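Before any comments, here is the structure.
No value in this document is a laboratory result; all are computed from the given coordinates. Every value quoted in this text rests on a predicted model; they were computed, and no experiment measured them. In this analysis, Cβ positions are derived from the backbone assuming ideal geometry, glycine residues included, and neighbour counts consider all displayed protein chains.
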Amino acid sequence: MPAPRSKPLLSWEPLPFLVLLVLLLLTGVVRPESPPVYVWGLAAGILAALVWLVVSLVRASRRMNPDPWGDLSTLDGLVITDAPRAARDVRTVVPVDEVQRHQPAIELARIHGGAEQSALLVPRASRWLKRRYRIGVQLVGGDRPRHAGFLARAAEERWVELLDDRGQRGEYVRVPATITGSSRPYGVELDLSGLGAMGE
């Protein structure tokens, strides 16, 4: 079964807020003197939306590893498979997207783990308010995982099926990573050459 490219609509975090907002706006149209079926129907809808919102907030607050957005709090309990750098004459690297949003985390990872370290690839990661799934990149060379961004889209399209299949079994792939630059803005490059052997 192909890996999904986006979250199901009912799992999208802003949806309960939007539904509740629309129902509250309808209170300006459905007046107390309206037919009872409309008044009671709207009241029931608002109550159901409130319950849905509370349940979604409680679910989002539960500690999960990775969390609903693909961030890791620890490596404990995870099944990790290494995809070491393949022997090649020419080194091929893939840049990490959206590193500009994660400069503090990348800087801390560099301080604790050095410029040459490893990164864990986390499928079905996403940004807040976005439905599209991405493959998250967590630097793991320091004292704890730190979110560095997302796998570049071209590489994501190539490896999403392999990584998603393993991720659904609770297995995550670790690849060599390099933090580029001696000061901000940092970049992050991944060596994905070892993934080829895993897909064979």
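Inspect region 6-20 for any residue being in contact with a strand residue (DSSP E or B) (Cβ under 7 Å, 6 or more places away or on another chain) and in contact (Cβ under 8 Å) with a residue 40 or more places away in the chain and give the result as yes or no. Yes, the conditions are met somewhere in region 6-20.
The set of residues in region 170-186 being surrounded by 16 or more Cβ atoms within 10 Å (Cβ to Cβ), within 21 Å of residue 100 (Cα to Cα) and not β-branched (Val, Ile, Thr) consists of 176, 177, 186. The residue pairs whose first member lies in region 97-108 and is closer than 7 Å to residue 149 by Cα, whose second member is of a type in the set (Phe, Trp, Tyr) and surrounded by 14 or more Cβ atoms within 10 Å (Cβ to Cβ), and whose beta carbons are closer than 8 Å, counting only pairs six or more residues apart or on different chains, are 97/150; 98/150; 99/186.
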